[in-house]
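Following: one structure in C-alpha coordinates, then a few remarks.
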Amino acid sequence: MQVKLLAFAQARDQLGWPERMVDCEPGETPRAILARVLPGARLETWRVAVDEEYHSWDGPIGNAREIALIPPVSGG
Amino acid sequence: MEKQITFTHTPIVIPPPVLPSREIGACVEFQGLVRELEQGAALAGLHYEAHESMARKHLERIFDQLCAAHPCAAVVFIHRLGWVPVGEASLFVRVLSSHRGEALRFLADAIDRMKADVPIWKCAKGVAAKRRKRRKKGSRGMGTLFVPFAPFCGYSLFQLPGRSAGALTLRKSDRSSSGSGSTIMRSRSTARWMRRCIE
(Lines give C-alpha, C1' and ligand atoms only; values in the text may rest on other atoms or scores of the structure.)
Protein backbone atom coordinates (compact mmCIF):
# COMPACT_ATOMS: atom_id res chain seq x y z
CA MET A 1 0.00 0.00 0.00
CA GLN A 2 1.01 3.63 -0.37
CA VAL A 3 1.10 6.13 2.48
CA LYS A 4 1.57 9.89 2.32
CA LEU A 5 4.62 10.88 4.38
CA LEU A 6 4.54 14.51 5.54
CA ALA A 7 7.59 16.36 6.83
CA PHE A 8 7.37 19.66 8.70
CA ALA A 9 9.91 22.19 9.96
CA GLN A 10 13.32 20.60 10.70
CA ALA A 11 12.09 17.27 9.33
CA ARG A 12 11.38 18.89 5.98
CA ASP A 13 14.81 20.55 6.07
CA GLN A 14 16.51 17.23 6.65
CA LEU A 15 14.51 15.28 4.09
CA GLY A 16 14.48 18.05 1.52
CA TRP A 17 10.79 17.67 0.65
CA PRO A 18 7.46 18.38 2.37
CA GLU A 19 5.58 15.26 1.31
CA ARG A 20 6.03 12.07 -0.60
CA MET A 21 4.13 8.84 -1.24
CA VAL A 22 5.96 5.80 0.14
CA ASP A 23 5.31 2.09 -0.27
CA CYS A 24 4.82 0.22 2.98
CA GLU A 25 3.07 -2.68 4.67
CA PRO A 26 0.44 -2.47 7.46
CA GLY A 27 2.79 -4.29 9.83
CA GLU A 28 5.59 -1.78 9.34
CA THR A 29 6.39 0.80 11.99
CA PRO A 30 7.07 4.50 11.43
CA ARG A 31 10.63 3.90 12.63
CA ALA A 32 11.23 1.25 9.95
CA ILE A 33 9.64 3.38 7.23
CA LEU A 34 11.72 6.42 8.12
CA ALA A 35 14.88 4.32 8.29
CA ARG A 36 14.29 3.46 4.63
CA VAL A 37 13.55 7.03 3.63
CA LEU A 38 16.15 8.80 5.77
CA PRO A 39 18.77 6.34 6.98
CA GLY A 40 20.48 7.50 10.14
CA ALA A 41 17.75 9.97 11.07
CA ARG A 42 17.94 10.97 14.74
CA LEU A 43 14.43 10.64 16.07
CA GLU A 44 14.96 11.43 19.76
CA THR A 45 13.23 14.78 19.64
CA TRP A 46 10.74 14.09 16.86
CA ARG A 47 7.29 12.64 17.31
CA VAL A 48 5.26 10.88 14.69
CA ALA A 49 1.55 11.13 13.92
CA VAL A 50 -0.41 8.51 12.03
CA ASP A 51 -3.63 9.79 10.49
CA GLU A 52 -3.31 12.95 12.58
CA GLU A 53 -2.94 11.17 15.94
CA TYR A 54 0.35 10.90 17.82
CA HIS A 55 1.67 7.39 17.46
CA SER A 56 4.51 5.25 18.77
CA TRP A 57 7.58 5.02 16.54
CA ASP A 58 7.42 1.27 17.08
CA GLY A 59 3.71 0.60 16.58
CA PRO A 60 2.45 -0.86 13.30
CA ILE A 61 0.81 1.71 11.05
CA GLY A 62 -2.11 -0.54 10.06
CA ASN A 63 -4.13 0.88 7.19
CA ALA A 64 -2.87 4.41 7.68
CA ARG A 65 -3.21 6.92 4.88
CA GLU A 66 -0.84 9.54 6.31
CA ILE A 67 2.27 9.64 8.47
CA ALA A 68 3.49 13.03 9.70
CA LEU A 69 6.93 13.70 11.12
CA ILE A 70 6.52 16.14 14.01
CA PRO A 71 9.66 17.95 15.23
CA PRO A 72 9.33 19.88 18.54
CA VAL A 73 6.35 22.19 18.20
CA SER A 74 6.57 25.91 18.90
CA GLY A 75 3.27 27.63 18.26
CA GLY A 76 2.23 30.93 19.78
CA MET B 1 -18.84 25.31 24.46
CA GLU B 2 -18.56 27.36 21.29
CA LYS B 3 -15.17 26.94 19.60
CA GLN B 4 -13.86 29.02 16.76
CA ILE B 5 -10.44 28.00 15.43
CA THR B 6 -8.87 29.94 12.59
CA PHE B 7 -5.51 29.82 10.82
CA THR B 8 -4.74 32.81 8.66
CA HIS B 9 -1.93 33.93 6.35
CA THR B 10 -2.95 37.58 6.75
CA PRO B 11 -2.66 39.89 9.77
CA ILE B 12 -5.00 38.92 12.58
CA VAL B 13 -8.16 40.98 12.69
CA ILE B 14 -9.68 40.75 16.14
CA PRO B 15 -13.36 39.92 15.81
CA PRO B 16 -15.83 41.87 17.94
CA PRO B 17 -16.91 39.90 21.01
CA VAL B 18 -20.17 38.03 20.60
CA LEU B 19 -21.69 37.02 23.90
CA PRO B 20 -23.43 33.65 23.70
CA SER B 21 -25.59 34.49 26.71
CA ARG B 22 -26.28 37.18 29.28
CA GLU B 23 -24.48 35.09 31.86
CA ILE B 24 -21.05 35.97 30.48
CA GLY B 25 -19.18 37.91 33.15
CA ALA B 26 -15.59 37.62 31.96
CA CYS B 27 -13.95 38.12 28.59
CA VAL B 28 -10.24 37.29 28.69
CA GLU B 29 -8.17 38.10 25.62
CA PHE B 30 -4.57 37.32 24.85
CA GLN B 31 -2.26 38.21 22.00
CA GLY B 32 1.19 36.85 21.32
CA LEU B 33 3.42 39.27 19.44
CA VAL B 34 6.67 38.55 17.66
CA ARG B 35 9.56 40.11 19.59
CA GLU B 36 12.63 41.56 18.01
CA LEU B 37 15.58 40.35 20.03
CA GLU B 38 17.07 36.91 20.36
CA GLN B 39 20.28 36.70 22.38
CA GLY B 40 21.08 40.25 21.42
CA ALA B 41 20.53 39.67 17.69
CA ALA B 42 17.67 41.39 15.91
CA LEU B 43 15.09 39.34 14.04
CA ALA B 44 13.01 40.71 11.21
CA GLY B 45 10.18 38.36 12.08
CA LEU B 46 9.17 34.73 12.36
CA HIS B 47 7.82 32.28 9.84
CA TYR B 48 5.00 30.03 11.09
CA GLU B 49 3.77 26.76 9.65
CA ALA B 50 1.33 24.11 10.84
CA HIS B 51 -0.13 20.75 10.07
CA GLU B 52 -3.38 22.60 9.91
CA SER B 53 -5.98 19.83 9.95
CA MET B 54 -4.18 17.97 12.73
CA ALA B 55 -3.69 21.19 14.71
CA ARG B 56 -7.38 22.01 14.42
CA LYS B 57 -8.36 18.52 15.56
CA HIS B 58 -6.05 18.62 18.58
CA LEU B 59 -7.05 22.14 19.57
CA GLU B 60 -10.72 21.12 19.55
CA ARG B 61 -9.91 18.18 21.78
CA ILE B 62 -7.80 20.31 24.14
CA PHE B 63 -10.57 22.90 24.41
CA ASP B 64 -13.15 20.21 25.19
CA GLN B 65 -10.91 18.72 27.88
CA LEU B 66 -10.17 22.11 29.42
CA CYS B 67 -13.84 23.05 29.36
CA ALA B 68 -14.59 20.03 31.54
CA ALA B 69 -12.05 21.28 34.09
CA HIS B 70 -12.74 25.03 33.76
CA PRO B 71 -16.27 25.54 32.40
CA CYS B 72 -16.29 28.32 29.83
CA ALA B 73 -18.87 29.38 27.26
CA ALA B 74 -16.76 30.15 24.21
CA VAL B 75 -13.22 30.30 22.87
CA VAL B 76 -11.92 32.12 19.82
CA PHE B 77 -8.48 30.99 18.67
CA ILE B 78 -6.68 32.63 15.75
CA HIS B 79 -3.12 31.66 14.76
CA ARG B 80 -1.19 33.31 12.02
CA LEU B 81 0.81 31.30 9.47
CA GLY B 82 3.53 32.38 7.07
CA TRP B 83 5.69 35.41 7.65
CA VAL B 84 4.91 37.53 10.73
CA PRO B 85 7.04 40.68 11.15
CA VAL B 86 8.29 41.82 14.54
CA GLY B 87 5.57 43.67 16.46
CA GLU B 88 2.65 41.87 14.81
CA ALA B 89 0.44 39.31 16.48
CA SER B 90 0.97 35.64 15.76
CA LEU B 91 -1.75 34.48 18.13
CA PHE B 92 -5.06 35.72 19.48
CA VAL B 93 -7.17 33.86 22.01
CA ARG B 94 -10.42 35.04 23.61
CA VAL B 95 -12.22 33.08 26.31
CA LEU B 96 -15.69 33.90 27.61
CA SER B 97 -17.06 32.58 30.87
CA SER B 98 -19.33 33.53 33.74
CA HIS B 99 -16.42 34.18 36.10
CA ARG B 100 -12.83 35.29 35.55
CA GLY B 101 -11.19 32.33 37.32
CA GLU B 102 -12.36 29.74 34.83
CA ALA B 103 -11.52 31.91 31.84
CA LEU B 104 -8.02 32.72 33.08
CA ARG B 105 -7.23 29.11 33.92
CA PHE B 106 -8.64 27.92 30.62
CA LEU B 107 -6.53 30.45 28.73
CA ALA B 108 -3.30 29.68 30.60
CA ASP B 109 -3.73 25.92 30.21
CA ALA B 110 -4.80 26.20 26.58
CA ILE B 111 -1.62 28.06 25.65
CA ASP B 112 0.54 25.62 27.62
CA ARG B 113 -1.11 22.66 25.89
CA MET B 114 -0.80 24.29 22.49
CA LYS B 115 2.93 24.84 23.01
CA ALA B 116 3.38 21.22 24.07
CA ASP B 117 1.26 19.28 21.59
CA VAL B 118 -0.25 21.23 18.72
CA PRO B 119 1.69 20.87 15.46
CA ILE B 120 2.58 24.50 14.82
CA TRP B 121 6.15 25.65 14.25
CA LYS B 122 7.96 28.95 14.14
CA CYS B 123 11.18 29.59 12.30
CA ALA B 124 13.45 32.53 13.11
CA LYS B 125 14.40 33.96 9.74
CA GLY B 126 16.96 36.44 11.04
CA VAL B 127 18.87 33.65 12.74
CA ALA B 128 18.52 31.48 9.66
CA ALA B 129 20.12 34.16 7.53
CA LYS B 130 23.01 34.48 9.95
CA ARG B 131 23.51 30.72 9.94
CA ARG B 132 23.46 30.59 6.15
CA LYS B 133 26.20 33.21 6.11
CA ARG B 134 28.21 31.19 8.60
CA ARG B 135 27.67 28.00 6.59
CA LYS B 136 28.92 29.70 3.46
CA LYS B 137 32.06 30.48 5.39
CA GLY B 138 32.45 26.81 6.16
CA SER B 139 30.93 26.37 9.60
CA ARG B 140 28.29 23.76 10.32
CA GLY B 141 24.60 24.43 10.85
CA MET B 142 21.10 23.73 9.65
CA GLY B 143 19.47 25.95 7.07
CA THR B 144 16.81 27.17 9.42
CA LEU B 145 16.30 27.29 13.12
CA PHE B 146 12.93 26.15 14.43
CA VAL B 147 12.27 27.45 17.87
CA PRO B 148 11.12 24.75 20.26
CA PHE B 149 9.70 26.63 23.19
CA ALA B 150 8.99 30.14 22.09
CA PRO B 151 11.90 32.09 23.51
CA PHE B 152 11.50 34.51 20.62
CA CYS B 153 7.89 35.33 21.19
CA GLY B 154 6.71 37.92 23.67
CA TYR B 155 3.15 38.74 24.49
CA SER B 156 1.69 42.14 24.38
CA LEU B 157 -1.40 44.02 23.47
CA PHE B 158 0.64 47.10 22.77
CA GLN B 159 3.86 47.45 20.91
CA LEU B 160 6.49 48.78 23.26
CA PRO B 161 9.74 50.48 22.30
CA GLY B 162 12.49 47.92 21.97
CA ARG B 163 11.59 44.65 23.61
CA SER B 164 7.95 44.04 24.14
CA ALA B 165 6.50 42.72 27.34
CA GLY B 166 3.41 40.56 27.63
CA ALA B 167 -0.10 41.67 28.21
CA LEU B 168 -3.39 40.15 28.97
CA THR B 169 -6.71 41.93 28.89
CA LEU B 170 -9.22 41.03 31.49
CA ARG B 171 -12.59 42.59 30.91
CA LYS B 172 -15.22 42.52 33.54
CA SER B 173 -18.45 42.84 31.64
CA ASP B 174 -20.90 43.34 34.43
CA ARG B 175 -24.00 41.34 33.77
CA SER B 176 -26.19 43.89 35.53
CA SER B 177 -24.69 46.51 33.20
CA SER B 178 -23.91 48.73 36.13
CA GLY B 179 -20.28 49.03 35.11
CA SER B 180 -17.32 47.39 33.51
CA GLY B 181 -13.58 47.73 33.34
CA SER B 182 -10.47 46.24 31.95
CA THR B 183 -7.02 45.52 33.23
CA ILE B 184 -3.87 45.40 31.14
CA MET B 185 -0.95 43.41 32.44
CA ARG B 186 2.41 42.98 30.84
CA SER B 187 4.95 40.28 31.25
CA ARG B 188 7.37 38.22 29.23
CA SER B 189 6.07 35.18 31.05
CA THR B 190 2.47 34.82 30.06
CA ALA B 191 1.52 31.83 32.15
CA ARG B 192 3.05 33.33 35.28
CA TRP B 193 1.03 36.50 34.86
CA MET B 194 -2.18 34.65 34.28
CA ARG B 195 -1.70 32.47 37.30
CA ARG B 196 -0.82 35.48 39.46
CA CYS B 197 -3.98 37.14 38.23
CA ILE B 198 -6.11 34.14 39.20
CA GLU B 199 -4.60 34.12 42.67
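Details
- Count of residues meeting criterion [touching a helix residue (DSSP H, G or I) at 6+ places or on another chain (Cβ under 9 Å), within 14 Å of another protein chain (Cβ to nearest Cβ) and charged (D, E, K, R)] in the range B:22-43: 1
- In the range A:17-76, the residues that are among the small types (Gly, Ala, Ser), within 24 Å of residue B:124 (Cα to Cα) and at the interface with chain B (Cβ under 10 Å from one of its Cβ atoms): A:68, A:74, A:75, A:76
- Among the residues here, residue A:52 qualifies as at positive phi, modelled with pLDDT of 95 or more and surrounded by 14 or more Cβ atoms within 10 Å (Cβ to Cβ).
- Tally of residues being more than 14 Å from chain A (Cβ to nearest Cβ) and within 23 Å of residue B:87 (Cβ to Cβ) across the range B:44-70: 2
- For residue A:6, the conditions (1) in contact with a Phe, Trp or Tyr (Cβ under 6 Å, 6 or more places away or on another chain); (2) within 12 Å of another protein chain (Cβ to nearest Cβ) all hold with the exception of (1).
- Filter pass, residue B:32 being modelled with pLDDT of 95 or more and touching a Leu at 6+ places or on another chain (Cβ under 9 Å): yes
- Hits in the range B:88-109 - residues which are surrounded by 24 or more Cβ atoms within 10 Å (Cβ to Cβ), within 11 Å of another protein chain (Cβ to nearest Cβ) and within 19 Å of residue B:68 (Cα to Cα): none
- Flag if residue A:36 is surrounded by fewer than 16 Cβ atoms within 10 Å (Cβ to Cβ) and touching a Phe, Trp or Tyr at 6+ places or on another chain (Cβ under 9 Å): no
The values are calculated or read from the model by the stated rules, or taken from the named source; none is laboratory data. Just so we're clear, the structure is a prediction, and the values are computed from it rather than from any experiment. Quick reminder, even Gly has a Cβ in these numbers, built from the backbone with ideal geometry, and neighbours come from all protein chains shown.
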